[in-house]
Amino acid sequence: MSEGLHQPLGGNQMPRFGGLATMMRLPSVDDPAALDVGFVGVPLDLGTSHRSGTRFGPRQIRAESVLLRPYQMATRAAPFDALRVADLGDVAINPYNLIDSIARIERAFDAIVAAGCRPITLGGDHTITLPILRALHRRHGPIGLIHIDAHADVNDTMFGEKLAHGTTFRRAQEEGLLDPLRVAQIGLRGTGYTAQDFDWCRDQGFRVVQVEECWGRSLVPLMQELRARVGGGPVYFTLDIDGIDPAYAPGTGTPEIAGLTVPQTLELIRGAWGLNLVGADVVEVSPPYDPLGNTALLAANLAFELLCVMPGVPRRTCA
């Protein structure tokens, strides 16, 4: 093995029910400068509007990740053969203060990004993406965005507050963090407060893909279109687990019927290979609403899939 590379602890070295509960049972590392990609937990649910519990998301995702192995057998992606990957632990949020928590997250990701490490974040509610984008913007400038979600998260306020999990991308756009012509929101659906709820996004130049455009079809052609749109610069991939149908992912705070399937979600992630991804997250996993752990298991797999499309990951060909 090359110096600095880590492999997940295998099930033949330690039973999967043993060992430390890091992401994929990778080493726990404190210094992001030692890594190319780092898994980071942000156990926050202070921005949640309905069902809380996402503060337990990172821990449960890590617990379910023990079932993962180091190679993606369909795409032949081999991330641990080329990139230094480990678990950077959790950001110490303030469980009594959302504003302070956002500041803490921003400082933590400033250090990660400044070290040249690409973060894959385990949430935590969707409020966490705003301070992450702030940190990335300081290094990369305006960011392109692939956003899988049932909700656009572009409310101006929620109960009079400017910062919450449903205001994230309005604040990001207002702050100039995004390149709006390189933003795609996929899977939006459900009921709204006005008939124009998704039109603010369109008015900014975002590509809005309501879920009805996805029903009953492969999303490979759609992702080819979106690659051409969001490429040409740094891109962030944010995946709200409620973008997926609650039949597959019931453990979330604001479930909406008729969402994306798991294979469609994999098509979207795998279609991002070759983009300049500067980070990613999987958010809104609320373990109390799925005691069997299936939602967290899905999230762990999706986080691994996001790792597999990070820049520099090789794909092994047949011998």
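The values are calculated or read from the model by the stated rules, or taken from the named source; none is laboratory data. The model shown is predicted, which means the values in this text are computed figures rather than measured ones. Methodologically, a virtual Cβ is constructed for each residue, glycine included, from the backbone with ideal geometry; neighbour enumeration extends over all protein chains shown. When the accessible area is computed, the model is the full protein with side chains, heavy atoms only, and any ligands, DNA or RNA have been set aside. Shrake-Rupley method; radii C 1.70, N 1.55, O 1.52, S 1.80 Å.
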Flagged in segment 179-198 as closer than 14 Å to ILE146 by Cβ and either touching a strand residue (DSSP E or B) at 6+ places or on another chain (Cβ under 6 Å) or open to solvent by 70 Å² or more (accessible area, probe 1.4 Å) (or both), in numbering order, are ASP179, LEU181, ARG182, VAL183, ALA184, GLN185, ILE186, GLY187, LEU188
Checked segment 69-95 for anything under 20 Å from VAL283 (Cα atoms), of a type outside the set (Gly, Ala, Ser) and surrounded by fewer than 19 Cβ atoms within 10 Å (Cβ to Cβ); matches are ASP90, ASN94, PRO95
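Looking only at segment 282-299, how many residues end up being part of a helix (DSSP H, G or I), in contact with a Leu (Cβ under 9 Å, 6 or more places away or on another chain) and buried (at least 24 other Cβ atoms within 10 Å of the Cβ)?
Within segment 282-299, residues that are part of a helix (DSSP H, G or I), in contact with a Leu (Cβ under 9 Å, 6 or more places away or on another chain) and buried (at least 24 other Cβ atoms within 10 Å of the Cβ) number 1.
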task: Kindly indicate whether GLN60 is under 20 Å from ALA280 (Cα atoms), open to solvent by 20 Å² or more (accessible area, probe 1.4 Å) and out of contact with any strand residue (DSSP E or B) (no Cβ under 6 Å at 6 or more places or on another chain).
output: yes
All conditions in (1) open to solvent by 50 Å² or more (accessible area, probe 1.4 Å); (2) in a helix (DSSP H, G or I); (3) touching a residue at least 40 places away in the same chain (Cβ under 8 Å) are true of ILE257 except (2)
If you go through HIS151, HIS137, the only one that is assigned to a helix (DSSP H, G or I), out of contact with any Asp or Glu (no Cβ under 6 Å at 6 or more places or on another chain) and at pLDDT 95 or above is HIS137
Given (1) open to solvent by 20 Å² or more (accessible area, probe 1.4 Å); (2) under 19 Å from HIS6 (Cα atoms), VAL37 misses just (1)
How many residues of segment 190-226 are among the charged types (D, E, K, R) and farther than 30 Å from GLU106 by Cα? The answer is 4
Picked from segment 149-178 (must be of a type outside the set (Lys, Arg) and in contact with a Phe, Trp or Tyr (Cβ under 8 Å, 6 or more places away or on another chain)), the residue surrounded by the most Cβ atoms within 10 Å (Cβ to Cβ) is ASP153
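With over 16 Å from the mean Cα position of the chain (by Cα), free of Cβ contacts under 8 Å to residues at least 40 places away in the same chain and open to solvent by less than 50 Å² (accessible area, probe 1.4 Å) as the only criterion, which of GLY47, GLY18, GLY4, GLY10 stands out?
Step by step, each of GLY47, GLY18, GLY4, GLY10 is checked, and only GLY18 is over 16 Å from the mean Cα position of the chain (by Cα), free of Cβ contacts under 8 Å to residues at least 40 places away in the same chain and open to solvent by less than 50 Å² (accessible area, probe 1.4 Å).
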Scanning segment 73-98 residue by residue, those aliphatic (A, V, I, L, M) and within 25 Å of VAL313 (Cα to Cα) turn out to be MET73, ALA74, ALA77, ALA78, ALA82, LEU83, VAL85, ALA86, LEU88
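I'd like the full set of residues that are among the small types (Gly, Ala, Ser), more than 19 Å from GLY312 (Cβ to Cβ) and assigned to a loop (DSSP other than H, G, I, E, B), limited to segment 1-28.
Within segment 1-28, GLY10, GLY11, GLY18, GLY19, ALA21 meet the criteria.
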Being open to solvent by less than 40 Å² (accessible area, probe 1.4 Å) and small (Gly, Ala, Ser) narrows GLY279, GLY312, GLY232, GLY274 down to just GLY279
The residue that is farthest from the chain's Cα centre (by Cα), considering only those in segment 174-223 that are within 21 Å of PRO234 (Cβ to Cβ) and among the polar types (S, T, N, Q), is GLN204
Within segment 261-281, residues closer than 13 Å to ILE120 by Cβ and in a helix (DSSP H, G or I) come out as ILE269
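Look at LEU268 and say whether it is of a type outside the set (Ser, Thr, Tyr) and open to solvent by less than 10 Å² (accessible area, probe 1.4 Å). Let's see the steps before the verdict.
Numbers: of a type outside the set (Ser, Thr, Tyr): yes; open to solvent by less than 10 Å² (accessible area, probe 1.4 Å): yes.
It is true that LEU268 is of a type outside the set (Ser, Thr, Tyr) and open to solvent by less than 10 Å² (accessible area, probe 1.4 Å).
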